[in-house]
1. Counting alpha carbon pairs within less than 8 Å and at least 6 residues apart, what relative contact order, in whole percent, applies to the stretch 37-131?
2. Binning every alpha carbon pair distance of the chain at 5 Å from zero, what are the percents per bin?
3. Sort T86, T57, T96 by Cβ crowding within 10 Å, fewest neighbours at the top.
4. With each run of n ≥ 4 DSSP H residues scored as -39500 (n - 2.57), what mean residue ellipticity at 222 nm is computed for the chain after dividing by its residue count and rounding to the nearest 500 deg cm²/dmol?
5. Using Cβ counts within 10 Å as a stand-in for footprinting exposure, how do Y43, Y76 rank, fewest first?
6. Residues of the stretch 110-132 with the amide nitrogen closer than 14 Å to a label point 7 Å from the Cα of R77, along Cα-to-Cβ, please.
Amino acid sequence: MGKQRGFSLLEILIAFSILALSLGILLKIFSGGVNTASVADEYTAAVQIAESLMVQTGVETPLQPGERSGVENEKYRWLVSVSPFTPTIENFDPATLPILLFKVNVMVAWGDDQASERQIELTNLRLVNKAL
């Protein structure tokens, strides 16, 4: 009788074990990539909301000290704070300037709970003519 050809049961089990481990690792990498893309998409939306609110401040809403807040897309909570700003420069008298400076701070937060909450914050200085 001739030699038998083919794989033994042990060789097939080892090959399937290696295949299963490889597929498990690939699926974990893929799911991590999908999660990262989702987080990047959320950050992009939050930055767009914050930039939009920053542009609206002083144009659509008056530039005066105070805070306003709201929710966008039933997910992103935002807060806009406007406060007077005085530069701390030696021998500088802000009363001599024909303008007022305001610090505009926009914070956008999202997430289901404290542990997974994410937020971004943008800050800018705005000028207002004193005569207005």
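Readers should treat all values here as calculations from the given coordinates under stated rules, not as data from a laboratory. Predicted model only: the values in this text are computed from it and were never measured. Positions of Cβ are generated from backbone atoms using ideal geometry, with glycine treated the same way; all protein chains shown enter the neighbour counts.
1. This gives 27 percent for the stretch 37-131.
2. Computed distribution, short to long bins: 2, 8, 13, 12, 10, 8, 8, 6, 6, 5, 4, 4, 3, 3, 3, 2, 2, 1, 1, 1, 0, 0.
3. The order, fewest Cβ neighbours first, is T96, T86, T57.
4. Value at 222 nm, helices only, nearest 500: -13500 deg cm²/dmol.
5. Numbers: Y43 14, Y76 20.
Neighbour counts put them in this order, fewest first: Y43, Y76.
6. The answer is 110-120, whose backbone nitrogens lie closer than 14 Å to the label point.
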